[in-house]
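A short reminder: the numbers here are calculations on the coordinates, not readings from a lab. This one's a predicted model, so the numbers in the text were calculated from it and none came from an experiment. Note that we place each Cβ from the backbone using ideal geometry, even for glycine, and neighbour counts take in every protein chain shown.
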Amino acid sequence: METVKTIHKIGDEEVTILLSTCCLRLTYGEEVYVFDLEGRPVFMYFDRQLYERGLSGEIVAKKWLSVTPPRRHLERIRDRDVKDRILRHSFERARWMLEETGFDHPDPVINHIYRGDIQRLRKEEELFRRIYRPISILPPDQYLSLVFQPLEGCPYNKCSFCTFYRDREFRFKGLEEFRRHVEEVVDFLGRGISMRHRIFLADANTLFAETRLLRSYIETILDYIPRQEVEGFYSFSDYFTVYKTVGELRMLRELGYRRVYIGLETGDPQVLRILSKPGPPERSVKLVERLKEAGISVGVIILIGAGGREYYRQHVKNTVKILNSMPLDRRDIVYFSKLKVREGSEYQRIAEERGLTSLTEEEMDRQIEEIKNGIRHGEPPIQAIYDIDETIY
Ligand code: SF4
């Protein structure tokens, strides 16, 4: 399909309609509406409020409160009526723009917009829950990926601060079961798949799978999605259960693996113990060295505020030390994730027992700056915030 772009004036404002191979995008003044080619709303910006909608049907509302320090209001919309109002508004505004400009195109997405079928979107939410276990967490640069779940849960599942996979037993899918999963996902996405070029292999630690099995998972996916349409494969990995040789990792790179995300959390062994995460942190350096040698980039996640005020200094000092021993460059990312202590979590219990004081937002910002200032690399890695409450798929 050729990309079609039309620009019209309605009053003093410009309307732009862009229909491309990936999506339909309509803008009018400050308003923006983006739909995938199955007519699912994906991004909506109106009344100075951004809404992101996932395939699960979840909607996250975001609003910038200040840029320095970075502060955003983030809300997961749970109320069914509010969700429906947002969807209805988006379809109505998109329809109005199509009518006012007389935009006419045979692509089926236009029909979806005119129908604005909210019941269909509701049914899809149920279907999504049958196809996937909840996608509890994704790296921020992967929200628009296509996710498959060859593994469910986390093989370790004991970190004190992490409650993402407590609802499920760790398991691998057998190859036949995985093939059915891929068929169901591809079928569910329909033409909406064209918006998602990256493939994320969930859940927590896909590199834990035997390399041969991982290869079979990837080949199964490639039976359904042409290789040239896949920008790359991505997944999380821990650094304490996974051992893959550079040769194995090179093979994964040839199959299309592009980046692996590693939860380092801290370079400090004592803080690591508070997090109930196995060490030593130096093992993460070895994994990063092997990945980089194989040509796979990394995303390293640091847990800001871990250990509270009592461990502030050593967390910064030893995290910087570990980050500087990793062969990072501009293809890699260092993510700063602010610790969110969940009610009833093991971390909360340990923190109370040890008398740890949580950092304020300002102290967390300062900790991020101190770690950033300590990073010394010729071509510095990208450095960004990772807000776990933002995850949407
Ligand atoms: S932080 Fe990672 S390794 Fe630890 S329990 Fe959670 S998913 Fe598993």
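For region 48-207, taking Cα atoms only, Rg and Dmax work out to 18.4, 58 Å respectively.
Put simply, the Cα atoms of region 173-228 extend 32, 21, 21 Å along their principal axes, the longest span coming first. The charge dipole of region 168-321, taken about the Cα centre with unit charges on the Cβ atoms of Lys, Arg (+1) and Asp, Glu (-1), comes to about 560 debye, rounded to the nearest 20. Each of Val316, Leu50, Ile218 was scored by the projection of its Cα onto the charge dipole of the chain, and the greatest displacement toward the positive side belongs to Val316; charges sit on the C-beta of Lys, Arg, Asp and Glu. Hey, how much of the P(r) for region 4-124 falls beyond 19 Å, as a percent of Cα pairs? Tail fraction, whole percent: 48.
Taken about its Cα centre, region 188-234 carries a charge dipole of about 120 debye when Lys and Arg each add +1 at the Cβ and Asp and Glu each add -1 at the Cβ.
Over all pairs of different C-alpha atoms, the chain has a mean inverse distance whose reciprocal, the Kirkwood radius, equals 22.6 Å. Altogether, the Stokes-Einstein calculation at 25 °C and 0.890 mPa s, with the Kirkwood radius of region 195-280 over Cα pairs as Rh, returns a diffusion coefficient of 173 µm²/s. Given R0 = 45 Å, the distance between the Cβ atoms of Arg120 and Thr360 translates into a calculated FRET efficiency of 0.50. The stretch between Lys321 and His197 holds 41.1 nm of extra length on full extension. This uses 0.36 nm per residue minus the Cα-Cα distance. To the nearest 10 degrees, how steeply does helix 246-255 sit against the main Cα axis of the chain, on a 0 to 90 scale? Here the helix axis deviates by roughly 0 degrees. When the pairs Lys286/Lys317; Lys173/Lys338; Lys158/Lys317; Lys83/Lys372; Lys292/Lys340; Lys62/Lys340 are compared against a 27 Å limit on Cα-Cα distance, Lys173/Lys338; Lys83/Lys372; Lys292/Lys340 fall above it.
Of the Cα atoms belonging to region 303-393, the radius of gyration and Dmax stand at 14.3, 43 Å. With contacts taken as Cα pairs under 8 Å and at least 6 residues apart, the chain reaches a relative contact order of 13 percent. Think of region 132-390 as having a plus end and a minus end, set by charges on the Cβ of Lys, Arg, Asp and Glu; of Gly232, Leu207, Leu339, Leu207 sits farthest toward the positive end of this dipole.
Annotation for region 8-58: GluC sites (Glu not before Pro) lying in DSSP loop with at most 15 further Cβ atoms inside 10 Å of their Cβ are Glu30.
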